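Undergrad: Provided herewith is a single structure, encoded as structure tokens, for subsequent inquiry.
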Amino acid sequence: MEMHYFILAMRRIRNDWWISALTILALAVGVSATMTSQLVIRMLDADPLPGRSQSLFYVRADPQPASEDEKPLPDMLDYRTATDLWSLRGQDRGALVADGSMSLQDERGKALIDATFLATTSDFFTLFRTRFRFGSAWSSADEQRLVPSVVISDRLNEVLFHGGNSVGRMLRVDGRSLQVVGVLAPWRPSPRFYLMAGGHDGGANASDVFGPAHDLYIPMPLAKEIALPHMSWFTCWGQLRSPSQLATAPCLWVGLWVQASTDADRRAYSERVSAYVKSQLASGRFTRGTRPELIGLTDWIAYNNVIPRDVRLQSWLSYGLFIVCLINIGGLLFVRFSGRRSEIALRRALGATQASIAWQCTAESLVVGLIGAALGMLLTTGATSYVRSLPTAYANLIHLGAVALAVTVAVALVAALIASIIPTVLVARQAPGQFLKE
């Protein structure tokens with residue numbers, strides 16, 4: 001019996017093809033717009049390290065001088081404070097981070113390309129679960145002995161060494177020879193969470209947050225000796241005669257991550273940080289009593305507003321369009337069902353129940369939903385391809401998978417059923433006598 005209703009539904013769609021076409025198009029457009037915008041939002045707002053993010057914390061403290069203005073905690077630390085707090089981590093892993101760009105030269109000193117670099121510590125790679133294609137990270141002992149080591153990205157390895165095993169090869173970085181000890185496997189964290197700052201007030205720069213990972217990874221103590229003039233981000237509250245003096249200058253330019261696997265570890269480290277800040281206040285080096293903070297990875301991403309405002313606006317607009325489409329679908333379905341009021345009244349007079357009439361209308365709505373879902377999948381695929389072609393840093397991160405397509409079908413079917421509720425109830429409950437007289 002149920003299959004009969006679906007066969008009748010297909011016939012009705014052919015007979016009322018223009019109303020059916022409008023209904024299907026409205027459904028497909030609404031579902032496609034909503035699914036595309038939500039796909040972008042979910043991709044940009046996804047947890048970059050599922051299973052690990054809850055144990056990673058960004059450390060914030062305030063070494064700035066007192067002022068009349070109430071300033072929030074800065075996003076970065078000066079070098080002394082960062083290394084002091086890093087040394088307080090105990091047995092927990094921690095990583096200092098700062099970045100910049102330098103030129104790579106051949107053996108004759110001729111510039112080859114400009115490359116971005118990240119100055120960090122050996123725990124960085126374990127902390128953020130980076131995989132190696134060749135070699136490994138430098139050791140903490142080599143880090144302290146200023147062994148000229150470097151880890152390079154898979155992308156840079158392709159450019160310089162054609163994708164081969166380059167471990168042991170030498171790179172001239174700003175006139176200094178560094179030995180490649182490791183090559184990362186392809187790695188594109190989204191967002192580039194390990195180094196974000198300044199996004200809370202004005203929103204993060206999408207080209208930085210969703211750009212590719214760095215090309216070079218240099219031990220922080222070594223970078224302090226050779227790379228300070230090339231740092232790309234620093235803010236000073238005192239005199240800085242030269243960027244080469246950043247390590248001792250009153251400037252904010254270093255980030256600090258620590259891992260605390262349990263709540264007890266987090267509380268213990270937080271207490272050590274608080275004690276350190278109190279000691280610095282007592283010595284007069286710190287003058288503001290701003291409480292230090294450990295902020296979780298996902299909270300840090302949210303704090304920096306990494307999702308562009310135009311993307312959020314498009315998401316809300318897509319919701320509005322979806323609601324408008326639902327209202328129009330409901331109206332079109334009511335027109336379809338009402339056009340057969342005399343037929344429905346005759347069926348009621350011959351003994352058809354309200355439930356059977358409602359099931360007939362529901363079957364038609366489901367068929368419309370299935371066709372709308374198919375068209376919606378095509379439109380969503382096209383919209384996703386269009387988004388990927390846009391000149392934005394995050395465009396090529398967006399992809400449409402099987403799960404998203406399945407959700408598109410489910411949303412289309414549910415939307416068709418929701419839009420059909422009122423028309424179905426109104427038609428099923430109508431009194432047959434009036435229309436039989438007509």
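None of the figures in this text is laboratory data; all of them are computed from the coordinates on show. Everything numeric here is computed off the predicted structure, so don't read it as measured data. Don't worry about glycine lacking a Cβ; one is built from the backbone with ideal geometry, like all the others, and counts go over all protein chains shown.
Undergrad: Which distance in Å, rounded to a whole number, links the C-alpha centroids of region 298-327 and region 27-58?
TA: Each part reduced to its Cα centre gives a spacing of 11 Å.
Undergrad: Calculate, in whole percent, how much of the Cα-Cα pair population of region 230-309 lies beyond 16 Å.
TA: Result: 68 percent of Cα pairs exceed 16 Å.
Undergrad: Once you charge only the Cβ atoms, +1 for Lys and Arg and -1 for Asp and Glu, what is the size of the charge dipole of region 54-303 about its Cα centre, to the nearest 20 debye?
TA: My answer is approximately 480 debye.
Undergrad: Follow-up question, since we're still on this one. Could you give the nm distance between label points at I327 and D310, where each point is 7 Å from its Cα heading toward the beta carbon?
TA: In this crude label model, I327 to D310 measures out at 2.8 nm.
Undergrad: If all Cα-Cα distances of region 50-101 are sorted into 10 Å bins from 0 onward, what percent lands in each bin, rounded to whole numbers?
TA: Cα pair-distance distribution for region 50-101, in percent: 19, 44, 30, 8, 0.
Undergrad: May I ask you to derive the relative contact order of region 54-303, considering only C-alpha pairs under 8 Å and at least 6 residues apart, and to give it as an integer percent?
TA: Taking the mean separation of contacting Cα pairs over the length of region 54-303, I get 34 percent.
Undergrad: Highest first, please rank the peptides 229-239, 364-374 by the mean number of other Cβ atoms sitting within 10 Å of their residues.
TA: Packing order, densest peptide first, comes out as 364-374, 229-239.
Undergrad: Separate question: Given a Förster radius of 51 Å and the C-beta distance between A185 and S283 as r, what FRET efficiency does 1/(1 + (r/R0)^6) yield to the nearest 0.05?
TA: 0.65
Undergrad: Amide H neighbours of T121 under 5 Å, at least 5 residues apart or on other chains, H built in the peptide plane: list them.
TA: The answer is L96, M220.
Undergrad: Cα-Cα pairs above 33 Å in region 54-303: how many percent?
TA: 18 percent
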